[in-house]
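Report on one structure; see the data block that follows.
The values are calculated or read from the model by the stated rules, or taken from the named source; none is laboratory data. Predicted model only: the values in this text are computed from it and were never measured. Backbone-built Cβ (ideal geometry, glycine too); neighbour counts: all protein chains shown. Note: areas computed on protein heavy atoms with side chains; ligands, DNA, RNA excluded. Shrake-Rupley method; radii C 1.70, N 1.55, O 1.52, S 1.80 Å.
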Amino acid sequence: MASRETAFVEITPEVLLKAYACGIFPMAESAEDPALYWIEPEKRGIIPLDTFHVPSRLARTVRSERFSIAVNRDFQGVLDGCAEPAPGRTRTWINARIRNLYCKLYDIGHCHSVEAYENGELVGGLYGVCLGRAFFGESMFHRARDASKVALVHLVARLKASGFALLDTQFVTSHLTTFGAIEVPQRHYHKLLEAALVGEADFTGFSRGPALSGAQAVEQAQR
C-alpha cells in the first residue's frame, strides 16, 4: 500500500522516525520527482536474525578479508553508490529530499552505513535506520562482486552482538532469500516491530571494541 503526498509538506527526522515506528517508510518515484510516497507493504520483508545463513562460497570470501569493512566512514559515499544506475536498475528512488532526510538521521545517530573497501576504494556497502532494537535496511550497492553481501554479513554480526531483534529489508529479493529473508504478513510484522521498539540497542558501541575478522563475522552472524 502506498500513498503520495498531496503537498510538499516538511518532513522532519522526528516525523520520519515516527513513521518507521508505525511500519511506514518513504520512497520517491525517481531522483527527479520531488514527491515522496509513504509505503506500507501488505507483506514485509525481514531477515530473521536467529536463522541468518551465509552461503558457503560467500563465507570463504568474507573469511579471506578481500574487503576491509568500516562503519560510518563515508555515509555520503554509500548514498551516492546506492543512487547509481546498476544492472536491472536504470533509475533510482533516492531523490534530493530522501538524501537530505537520511543525512539528517545520520547526523542525530539514527542512520548508519556499513562499507566495504578494496585497496582503499569504496566498492560496496549499505545503509539503514536504527530505532530501538530494530534496523531498517534501506539500500545497498556494489562495484565489486560480493562487496555488498560481505557488508551485510558484517552488519548482521554487529546487530546480533549489539542486541538487535529485527532486521527489516522492506521487500524480499532473490539474493536476500539466500540469506534467509522471508515475507511476513503486515499484522505479524507489526507484532515483531512492537517488540523490537522496546529497549535500546547500541549500533556504534560495538565499534569501540576490536574489529571483527572475517572469520569472526561469519561465526557471529550465524550464531
With the condition kept exactly as written, say whether any residue in the stretch 101-114 is among the hydroxyl-bearing types (S, T, Y) and either closer than 26 Å to V54 by Cβ or in a loop (DSSP other than H, G, I, E, B) (or both). yes
Quick one: how many residues across the stretch 120-140 are part of a loop (DSSP other than H, G, I, E, B) and farther than 15 Å from G77 by Cβ? 2
Matching residues, the stretch 58-80, being under 20 Å from F179 (Cβ atoms), open to solvent by less than 40 Å² (accessible area, probe 1.4 Å) and part of a loop (DSSP other than H, G, I, E, B): F67
Hey, R57 hits all of (1) modelled with pLDDT of 95 or more; (2) over 20 Å from M140 (Cβ atoms); (3) basic (K, R) but one; which does it fall short on? (2)
On the given criteria, is G132 buried (at least 23 other Cβ atoms within 10 Å of the Cβ), on the phi > 0 side of the Ramachandran plot and modelled with pLDDT of 95 or more? no
State which residue pairs qualify: first residue farther than 16 Å from H112 by Cβ and inside the stretch 203-223, second residue modelled with pLDDT under 95 and crowded, with 18+ Cβ neighbours inside 10 Å in any location, beta carbons under 7 Å apart, and separation of 6 or more residues or different chains. Q220/A161; Q220/L212
Count, please, the residues in the stretch 28-54 that happen to be modelled with pLDDT of 95 or more and of a type outside the set (D, E, K, R). 9
Restricting to the stretch 200-218, give me the number of residues that are open to solvent by less than 60 Å² (accessible area, probe 1.4 Å) and over 20 Å from the mean Cα position of the chain (by Cα). 3
Residue count, the stretch 5-27, condition within 30 Å of G180 (Cβ to Cβ) and either out of contact with any strand residue (DSSP E or B) (no Cβ under 8 Å at 6 or more places or on another chain) or at pLDDT below 80 (or both), comes to 2
Provide a single number: the residues in the stretch 28-46 that are open to solvent by less than 50 Å² (accessible area, probe 1.4 Å) and either touching a residue at least 60 places away in the same chain (Cβ under 8 Å) or in contact with a helix residue (DSSP H, G or I) (Cβ under 6 Å, 6 or more places away or on another chain) (or both). 11
Hey, can you tell me all the residues within the stretch 155-185 that are part of a helix (DSSP H, G or I), surrounded by 14 or more Cβ atoms within 10 Å (Cβ to Cβ) and either out of contact with any Leu (no Cβ under 9 Å at 6 or more places or on another chain) or modelled with pLDDT of 95 or more (or both)? L155, V156, A157, R158, L159, K160, L176, T177
Per the filter on the stretch 111-146, residues within 17 Å of S64 (Cβ to Cβ) and in contact with a Leu (Cβ under 9 Å, 6 or more places away or on another chain) are A116, D146
So, first residue on the phi > 0 side of the Ramachandran plot in the stretch 164-190, second residue open to solvent by 60 Å² or more (accessible area, probe 1.4 Å) and assigned to a loop (DSSP other than H, G, I, E, B), Cβ within less than 7 Å, six or more apart or across chains; the pairs are G180/H53
